[in-house]
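Take a look at the structure below.
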Amino acid sequence: MSKKPNQQPALHKVIMVGSGGVGKSALTLQFMYDEFVEDYEPTKADSYRKKVVLDGEEVQIDILDTAGQEDYAAIRDNYFRSGEGFLCVFSITEDESFQATQEFRDQILRVKNDENIPFLLVGNKSDLDEKRKVSLTDANARAQQWGVPYVETSAKTRDNVDKILCRQC
Amino acid sequence: MADFATKKIGAPDFNPEKYVKELSQRCVGGQELQQQRQKIQTLADETNILLKKNVYQNYMQFIETAKEISHLESEMYQLSHMLTEQRSLLSSLAATSLLGDKIPSAVDSDGATGNSGEGEEQKEEEESRRKLAAILEKVEGCVTLLETSGRTILHEGDLLELDPIENSALQRVHAYLFSDGFMIASWIPNRRGPVRYKFEAMYELGSLAVVNVRDMSSVKTAFKLLAFPDTRVFQCTNNQSKKEWLDKFEQAKKARFVQEQQKRESASQIERSPSRPSHSDSLESPSNPFEDADDSNAESELPEWLMEVPEDLDVCIAQRHFEEAYNLLERAREFLDKNTATDPVITDIRRKVEARVRALTEVLMKELEVSPDKSLQGGLRAARRAVRLLNQLGRSTQACDLFLKLCSSILKTQLKRVKREGATVLYVQQIGGIFFSNLTDMTREFLRAFPHSPSCASAFVMWAGSELTHLTSHLIKQVFMPQSSITMLAECVTCVRNQCDQLSELGVDLRYQLDGLLRTPLTRALRDAREKLVDAVKLRAVEDKWHPMNLQSKAGLTKFLQEMSDIGIASIHTYVTGDCWLGLTSNTVAFSKLYLMLLDDCLRLATPELQYTVDDVLSDVFQAQMLHVEASCSSEKYKAESQFIQKNAAFLLDTLLTLAEHCYEEKIGNPCAQLSKLRDKYSHLKKIVASRSLIVQL
């Protein structure tokens, strides 16, 4: 296994969490393949891998796109355990998804047992500003309270997509 | 006039006083009144006869109806038996086609229809256990696989394990997906024997995260398992197989989730009503006094005897202590019925106990089976024990089946011992005696073994019927031959009938069937006899010279008179003339003897179904003789003998025919219409004699 440890670039495991339908898969697919998928189909669990150049160094990003709904807590915990950085996504047009982020944060902290784990609060669907339900102030306040950055993205316009992922690494 | 009187008397407003008045007014003198009286007398006689005829007709109809009803009843029995057979066939067919596997033996369908679903479940469980056992043989080090009850295999296949970081190939594995977990086994490089894989890991389905790895340049058709701390990547051979794996994982997870949710729901229900014991819904009597005690016991530990039940049962069965085995089984079952908890130990014992039940059933059925090398010495008594236990185990249908087969073979061997030597009648008597006495014993034994089982009873009726058919066809072959005399046949048939009637004491009436089976051959035999006798009559007629019979001596005459009075014609002494002469021809006397014998045989054979044939035979034979008399009467050749001929005719009609009619009526219960018709037809021959003799006397 460790015959050629230096040949492979560093691997960063990023996990997308958040309620169903907030755009986790759309963000992932935009990042991976530069395309926006309009059709919604609930994800079970997908993993992607991509090489990116970060600060002049080639690294690999391993993205685990999780299901918004998972029946088994034990399985959810196993997802979280395998992650090194977390993108906690909500939709700015849906307050419930924002409220759910608190639960995800709590679960991740419980599993990882590390307050300083790389964590990013992501407000997706920024292109739908006219339907906004979650104010920038509320989101920022929550991010500040957790001590994590807050970024607003749009999987549709690719706004900030690269930024959030590269920031995780 | 007579018609007029009939009309008058028959009228609804008939007034006897008025009628008598009218008559007395019209008639003059005693003689005329006498005439009237005679007319009324004949009218009364006629009415009497008509009435008798009507009663007779109704009586016949009544008998026929009764026969028809008994026939119908036996048909209903047959139908019921066929339905039972069909039902068991269908249920076994259903079970077979569902699982593609032969079921060991159908559960008794007697009042156990609710068991079929249960049985199927059991079959499925067995099937899955079989599959798991097969896996056990292939994979080394996974003996615990069978310990979890209800585990089934959902999917299996070969996979290639990849390094989760470098995506390089690591090893080939064989993976199994069960209803509750995922097992990985690696290939054994130098395998020997049936073991091909080595157990490596088992992941609980409830905590195993399955991740679809999107195809990339370096890795295609792979999926990832996250089971902290392991992260394992497996590559499938193609997209389809990967899709299949992922779908199966999803299905298994969903099924498990639903199952767990149900369990949680029922658990919360119990919490809400703590007074109710967890398994009371499957208890038959909630007021069982042992319930509480057993509850606490079951939770803590099982009684020692229960743990040893399977082994003890094996011992009992091996030592042929079947009753003990059954008692132990019942005790274990009772205990297990009370404990519906899904404790793996109890489940295991239950499974083992059920296996012993099947083993016991099989041993008992073997016990009853008929095989050529098994002695039938013990007879049915020896079968009692096995039959009783099978009944108790709820396998009456099979027991009944085997019991009847056993009966058949006993009957067969018993009948084979009867050698045909000497007189046919003796042989028939012997064979019938053995058959029916055995059948009586078997019926008794059957009633004792299966007292309250309608489907078994119908099977028995069917069986008895077929055995009887068997015997009858054998007898027909042996006895009904062209050269066999009607007397011998009558003897045989009467004998068999009497023996058959003894069975009806036990409620098995085979007489109707017997008569039905014998009807065709008997009819044929009767017709043959008629042909033969008519021929004989014709032959003797040719030789008849119309001479009185000479008995040679006084002693001869005495002997002859004795002989005739023995067969019922005592009045023949009036025909004796001189020392040794008889006023009848030897032909007439011979015919009388012959005819009375025939009559006796026919009456012995007669049944309502054969009545018509019997009547025909009796009248045809008699008519043949009368034809001869009539022909001689009008013949020129015997003109001188005409008086003598008429005397013979008178004897035939008055003495012989009257006697025959009398016997007939006594035996059958009603007069024979055909014989009285004959009398009317030929009475003119006699009348001439009467008038002539009158003239002679004058």
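The values are calculated or read from the model by the stated rules, or taken from the named source; none is laboratory data. Because the structure is predicted, anything quoted here is derived from the model rather than measured. Note that each Cβ is placed from the backbone with ideal geometry, even for glycine, and that neighbours are counted across all protein chains shown.
With the structure loaded, tell me whether B:L393 is within 21 Å of B:G507 (Cβ to Cβ) and touching a residue at least 24 places away in the same chain (Cβ under 8 Å) or whether it fails that test. Answer is no for this residue.
Residues in segment B:174-213 that are surrounded by fewer than 16 Cβ atoms within 10 Å (Cβ to Cβ), in a loop (DSSP other than H, G, I, E, B) and in contact with a strand residue (DSSP E or B) (Cβ under 8 Å, 6 or more places away or on another chain): B:I188, B:V195, B:R196. Residues that are in contact (Cβ under 8 Å) with a residue 24 or more places away in the chain, more than 8 Å from chain B (Cβ to nearest Cβ) and not hydroxyl-bearing (S, T, Y) within segment A:42-56 comprise A:P42, A:K51, A:V52, A:L54, listed in sequence order. A Cβ distance below 8 Å, combined with a sequence gap of six or more or placement on separate chains, defines the contacts here; from segment B:235-252, residues that are under 14 Å from B:K220 (Cβ atoms) and in the same structural domain as B:L154 (by the TED database) reach residues that are at pLDDT below 85 and among the β-branched types (V, I, T) in the pairs B:Q235/B:V219.
Residues in segment B:486-511 that are free of Cβ contacts under 8 Å to residues at least 24 places away in the same chain and among the polar types (S, T, N, Q): B:N498, B:S504. Checking each residue in segment A:10-32 for being assigned to a strand (DSSP E or B) and within 14 Å of chain B (Cβ to nearest Cβ) picks out A:A10, A:L11, A:H12, A:K13, A:V14, A:I15, A:M16, A:V17. Is at least one residue of segment B:237-256 at negative phi, of a type in the set (A, V, I, L, M, F, W, C) and facing chain A (nearest Cβ under 10 Å)? Yes, the conditions are met somewhere in segment B:237-256. All told, B:L503 falls short of being closer than 18 Å to B:L653 by Cα, surrounded by 14 or more Cβ atoms within 10 Å (Cβ to Cβ) and touching a Phe, Trp or Tyr at 6+ places or on another chain (Cβ under 8 Å).
The rows are residues; the columns are (1) farther than 24 Å from B:A66 by Cα; (2) touching a strand residue (DSSP E or B) at 6+ places or on another chain (Cβ under 9 Å).
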position	(1), (2)
B:T487	yes, no
B:L514	no, no
B:A529	yes, no
B:A541	yes, no
B:M549	yes, yes
B:K554	yes, no
B:G568	yes, no
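If I filter segment B:25-45 for residues that are closer than 30 Å to B:G465 by Cα, in a helix (DSSP H, G or I) and in contact (Cβ under 8 Å) with a residue 40 or more places away in the chain, do I get at least one hit? Scanning segment B:25-45, I find no residue that is closer than 30 Å to B:G465 by Cα, in a helix (DSSP H, G or I) and in contact (Cβ under 8 Å) with a residue 40 or more places away in the chain, so the answer is no.
Closer than 29 Å to B:L603 by Cβ and assigned to a loop (DSSP other than H, G, I, E, B) - does that describe any residue in segment B:446-453? No - not one qualifying residue is present in segment B:446-453. Among the residues making up segment B:134-173, a single one is part of a strand (DSSP E or B), among the small types (G, A, S) and either within 14 Å of chain A (Cβ to nearest Cβ) or closer than 30 Å to A:Q60 by Cα (or both): B:A169.
Checking each residue in segment B:225-236 for being out of contact with any Pro (no Cβ under 9 Å at 6 or more places or on another chain), crowded, with 17+ Cβ neighbours inside 10 Å and within 12 Å of chain A (Cβ to nearest Cβ) picks out B:L225, B:L226, B:A227. Only a single criterion out of (1) surrounded by fewer than 19 Cβ atoms within 10 Å (Cβ to Cβ); (2) in contact (Cβ under 8 Å) with a residue 60 or more places away in the chain is not satisfied by B:V345, namely (2).
For segment B:214-224, a tally of residues being surrounded by 14 or more Cβ atoms within 10 Å (Cβ to Cβ), within 9 Å of chain A (Cβ to nearest Cβ) and modelled with pLDDT under 85 returns 3. A Cβ distance below 7 Å, combined with a sequence gap of six or more or placement on separate chains, defines the contacts here; from segment B:150-170, residues that are farther than 15 Å from B:F182 by Cα reach residues that are among the acidic types (D, E) and assigned to a strand (DSSP E or B) in the pairs B:L170/B:E161. Looking at B:V479, is it of a type outside the set (G, A, S), farther than 25 Å from B:Q398 by Cβ and in contact (Cβ under 8 Å) with a residue 12 or more places away in the chain? So B:V479 fits the description; yes. Among all residues of segment B:227-245, there is at least one that is in a strand (DSSP E or B), of a type in the set (A, V, I, L, M), closer than 18 Å to B:F178 by Cβ and at pLDDT 75 or above.
Residues in segment B:627-653 that are of a type in the set (D, E) and part of a loop (DSSP other than H, G, I, E, B): B:E636 alone.
Among the residues making up segment B:585-618, those that are surrounded by fewer than 20 Cβ atoms within 10 Å (Cβ to Cβ) and either over 52 Å from the mean Cα position of the chain (by Cα) or of a type in the set (G, A, S) (or both) are B:S586, B:A590.
Listed by position, the helices (runs of 4 or more DSSP H) contained in segment B:260-357 that have at least 1 residues being modelled with pLDDT of 75 or more and out of contact with any Phe, Trp or Tyr (no Cβ under 8 Å at 6 or more places or on another chain) are B:304-318, B:322-338.
Look at (1) more than 20 Å from A:A45 (Cβ to Cβ); (2) at the interface with chain A (Cβ under 9 Å from one of its Cβ atoms) and you find that B:L205 fails only one, number (1). Please enumerate the residues belonging to segment A:57-87 that are touching a residue at least 60 places away in the same chain (Cβ under 8 Å), under 15 Å from the mean Cα position of the chain (by Cα) and either facing chain B (nearest Cβ under 10 Å) or farther than 11 Å from A:I15 by Cα (or both). Across segment A:57-87, the qualifying residues are A:I63, A:Y79, A:F80, A:S82, A:G83.
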